[in-house]
Every structure is written in structure tokens, then in C-alpha cells.
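Just below is one structure, and these are the notes that go with it.
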Amino acid sequence: MAVRAVRGAVQLDRDDKTVLLDAVKELFNEVLEANELDRDSLISIIFTSTPDLRCGFPAVAVRELGLADVPLMCAQELDIQGALPRTVRLLVHAETGRAKSEIRHVYLGGAAALRRDLVPIPARAAA
């Protein structure tokens, strides 16, 4: 087993606590699923949010999912002009047998623009 870091981000439609909690829960679950991680493999999670999000702490979302024994930390992103607004990022540290090249980072909604190199291009619908 190795310790790996998995990144993820989601952009919210608005600064609203329910929207924040739902989006972070979705992001967290997608990160676990995409990397075949179980909760016992998690070491720690760091959350950041842009300064325009003031409605709540992203870590509350995973606590509501029952994750009580993993250290969580929230921080504020740098306030950089032109940065993607209303964005929550996470950095999950976990034990896994996956190689670095097999780690799947997850960017949902408008946050996909942050790392187009890591977000799969959706298949075109059949004509």
C-alpha cells in the first residue's frame, strides 16, 4: 500500500448551505468511487473554498455522511482576480494499491474548467 493524494473540485451555483453540503457530498462520493477507496483507507482531507463562499464549512458535509474518525481541515483559497468563483476543492490522502498514474482526480460542474487535462471528455451521443 502507498499513500496517495486525490484532488477534486466542484463549483456551486450559489452561496447556499444546502447547495454546499450536497455538492461536497457528491464530490466526496465521486472521489471514493472513481478511485475504489473505502473509508478505512482515508488518512485526512483538506478542503478549501473561495472567499465568496461564506455559508458553511465543506467538512460538515462528510461529517454528515458519518465520517467521524478522519482528520478534516477547511481553509480559504487565495483571493486571486479572475479565479473560478464559488468553488470548493478537496485533497484526500488515502492508502491505496493504485499507482500514481491510476489515480482519478474528480472535477464536477464548472470546476472541470480548472483541469481540462484531467477531466474525461464525454462521449458524443449516437446520431
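Could you work out the relative contact order of the chain? I mean the mean sequence separation of Cα pairs under 8 Å and 6+ apart, divided by the number of residues, in percent. It would help to have the intermediate numbers written out before the result.
Working: 220 pairs, mean separation 53.2, N = 127.
Rounded, it is 42 percent for the chain.
Using only Cα atoms, figure out Rg for the chain and give it as a multiple of 2.2 N^0.38 Å.
Working: Rg = 14.7 Å, N = 127, 2.2 N^0.38 = 13.9 Å.
Against the empirical 2.2 N^0.38 Å value, I get 1.06 for the chain.
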At 222 nm, what helix-only mean residue ellipticity would the chain give, in deg cm²/dmol to the nearest 500, using -39500 (n - 2.57) for each DSSP H run of four or more?
-6000 deg cm²/dmol
Pick from Thr87, Thr50, Thr18: which is most flexible by mean-square fluctuation in a GNM of the chain where alpha carbon atoms under 10 Å apart are linked?
Thr18
Between the residues Ala112, Leu21, Ala34, the Cα farthest towards the positive end of the dipole of the chain, that dipole coming from +1 and -1 charges on the beta-carbon of Lys, Arg, Asp and Glu, is from Ala112
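Given Cβ point charges of +1 (Lys, Arg) and -1 (Asp, Glu) and nothing else, what value in debye, to the nearest 20, does the dipole of the chain about its Cα centre take?
340
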³J(HN,Hα), Karplus 6.51/-1.76/1.60, whole Hz, each residue of segment 3-17, x for Gly, Pro
8, 10, 10, 10, 9, x, 7, 8, 9, 8, 6, 7, 7, 9, 4
Count the DSSP beta bridges whose two residues both fall in the chain, then state the antiparallel fraction as a percent rounded to the nearest 5.
70
Once the Cα atoms of segment 1-50 are picked out, what are the Rg and Dmax in Å?
12.2, 39
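Here, each number is a calculation from the coordinates, and none is a lab measurement. Remember, it's a predicted structure, so these values are computed and weren't measured experimentally. With ideal geometry, Cβ positions are generated from the backbone for all residues, glycine too; neighbour counts draw on all protein chains shown.
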